[in-house]
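Remarks on the structure that follows.
The values are calculated or read from the model by the stated rules, or taken from the named source; none is laboratory data. As the structure is a prediction and not an experimental result, all values here were calculated from the model. Every residue, glycine among them, receives a Cβ derived from its backbone with ideal geometry; neighbour counts consider all protein chains shown. Surface areas here come from the heavy atoms of the whole protein model, side chains and all, with no ligands, DNA or RNA. Shrake-Rupley method; radii C 1.70, N 1.55, O 1.52, S 1.80 Å.
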Amino acid sequence: MEQYIIKGGNPLVGEVEIGGAKNAALAILAAAIMTDETVTIDNLPDVNDINVLLEAISGIGAEVDRIDRHTVRINGSNIENFDIEYDYIKKIRASYYLLGALLGKYKRAEVALPGGCNIGSRPIDQHLKGFRALGAYVDIEHGKIIAEAERLIGKHIYFDVVSVGATINVMMAASMAEGLTILENVAKEPHVVDVANFLNSMGANIRGAGTDVIKIRGVSRLHKTDYSIIPDQIEAGTFMFAAAATRGDVTVMNVIPKHLEATIAKLVEIGCEVEEFDDAVRVVSKGDLHNTQVKTLPYPGFPTDMQPQIGVTLALCKGTSTITESIFENRFKYLSELARMGANVKVEGNAATIEGVDKFSGARVSAPDLRAGAALVIAGMAADGITIVDDIVYIQRGYERFEEKLRSLGAVIERVSTEREIQKFKLKVG
Ligand code: UD1
């Protein structure tokens, strides 16, 4: 089992290049099988979740040609199997996007039912409601969702909760339905817009992505495209909070500053200086930082995927901060790990109260999930002494060359897997 070992205390300083958005890429790769022509996708992040989804796609018979780490060519003309096994869905929940993609193209899909996940219960009722509204017969049998339709017919659908997954999944199916679909109360995240743009570049007719209402006029076929995925706002935000927590000066490069507004607003509120450029954002953290209140909300609100990173930062800010987690109920597990590093935190239901401390002290902690894992790495870099983060397999799901990028900013961090390597690191850093 690999771990990160970190010697804290160095402010992060420099420039870091941000990769393609994992959550956009997951949906775009699934949507790529919706044409029989060859699709080329660029700016793909080279992370485990993406690699697993590509395996799932080639498992159903699509041709997947990885041209280089960040570019893939997909041809979905030979798909004969519409059945996505539990092995994939267990490793990566977002393989359920193949439900919308296969249903749209072939009017049939079978996908293992995603189980519980460690950040909350994560139901998919809104996805199924959307498919049913389009005329699909959806059943759950032997742990699988089976969706099929003679014809998919456009419909007016109102989502009961704002869901990124349901918005994208139903949008994909509707893009190959007959007639007009109107989706209301949809998610507005940048990756929803990116998936709509991708489908449109394949000949779909989707309008309004990025607003509360998406209108889709179905088409009978989609065609080839070359597409580049948007930058990952969560990776960017992670480095921005790392700059804040370590009292550093970091410029995140290749970003869309507009997508980072909620993050920038909070950094400014706690006392960081933030400078925006066309495709870069610089965060300078000097002097005392102070408390604020945070509530996670769908975009353009503060992202739940950035909640642990701001939580770690607030634990080092003067005064009492509060965080309300309104999207997923189980996203505070990192705070008990952080308490082992000296943070002063109290969790009640979906609210956390954080009393800032001057310093963390290094400890052995465990990554409870992807974003919380990255946040604990930030804590380790801001702590006195040595921190070991276990279960980094979660972090590798969504951050490409994380330790390399951090090292390029001056962090002292290594990926290790044996006690011997840990001892070697300790001797080296003194
Ligand atoms: C996506 C992101 C995830 C992010 C989340 C919220 C991907 C692959 N993952 O997850 O990183 O944390 O958006 O920004 O893009 N809900 C229902 N019924 C449904 C669907 C969702 O009640 O059918 C609820 C969920 O329990 C949650 C809320 O809606 O409380 C938002 O979930 P959703 O936006 O669907 O998250 P994901 O798409 O799973």
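Go through the residues of the stretch 204-212 one by one and say whether even a single one is surrounded by fewer than 17 Cβ atoms within 10 Å (Cβ to Cβ) and either more than 30 Å from ARG151 (Cα to Cα) or touching a Ser or Thr at 6+ places or on another chain (Cβ under 6 Å) (or both). No, the conditions are met nowhere in the stretch 204-212. Scanning the stretch 365-376 for residues being in a strand (DSSP E or B) and more than 18 Å from THR246 (Cβ to Cβ) gives a total of 1. For the stretch 308-324, the criterion of being within 16 Å of the ligand (Cβ to nearest atom) and over 24 Å from GLY8 (Cβ atoms) is met by at least one residue. For the stretch 50-58, indicate whether the set of residues that are assigned to a loop (DSSP other than H, G, I, E, B) and at negative phi is non-empty. No, the stretch 50-58 contains no residue that is assigned to a loop (DSSP other than H, G, I, E, B) and at negative phi.
Within the option set GLY319, GLY342, GLY287, GLY301, being surrounded by fewer than 19 Cβ atoms within 10 Å (Cβ to Cβ) and either modelled with pLDDT under 95 or outside the structural domain of MET240 (by the TED database) (or both) holds for one residue only, GLY287. Considering PHE425, PHE332, the condition of being within 16 Å of the ligand (Cβ to nearest atom) and either more than 23 Å from ILE50 (Cα to Cα) or without any contact (Cβ under 8 Å) to a residue 60 or more places away in the chain (or both) is satisfied by PHE332 alone. Taken over the stretch 228-256, the criterion of being within 27 Å of ASN185 (Cβ to Cβ) and over 17 Å from the mean Cα position of the chain (by Cα) is satisfied by no residue. Given the structure, is ALA351 open to solvent by less than 30 Å² (accessible area, probe 1.4 Å) and either assigned by the TED database to the domain that holds CYS317 or within 19 Å of GLN309 (Cα to Cα) (or both)? Answer is no for this residue. What's the number of the only condition in (1) in a loop (DSSP other than H, G, I, E, B); (2) on the phi < 0 side of the Ramachandran plot that GLY203 fails to meet? Among (1) in a loop (DSSP other than H, G, I, E, B); (2) on the phi < 0 side of the Ramachandran plot, the lone unmet condition for GLY203 is (2). When the stretch 139-184 is limited to residues that are open to solvent by 10 Å² or more (accessible area, probe 1.4 Å) and within 16 Å of the ligand (Cβ to nearest atom), the one that is farthest from GLY210 (Cα to Cα) turns out to be ILE140.
When the test is whether a residue is outside any loop (DSSP other than H, G, I, E, B) and either away from the ligand (no atom under 16 Å from the Cβ) or modelled with pLDDT of 95 or more (or both), VAL255 does not pass it. Taking the conditions exactly as written (assigned to a strand (DSSP E or B), open to solvent by 40 Å² or more (accessible area, probe 1.4 Å) and within 25 Å of ARG247 (Cβ to Cβ)), does THR387 satisfy them or not? It is false that THR387 is assigned to a strand (DSSP E or B), open to solvent by 40 Å² or more (accessible area, probe 1.4 Å) and within 25 Å of ARG247 (Cβ to Cβ). Pairing residues of the stretch 356-374 that are free of Cβ contacts under 8 Å to residues at least 60 places away in the same chain and over 25 Å from ARG397 (Cβ atoms) with residues that are among the small types (Gly, Ala, Ser) and open to solvent by 20 Å² or more (accessible area, probe 1.4 Å), at Cβ distances under 8 Å and at least 6 apart in sequence or on separate chains, gives VAL357/GLY342; LYS359/GLY342; SER361/GLY342; SER361/GLY385.
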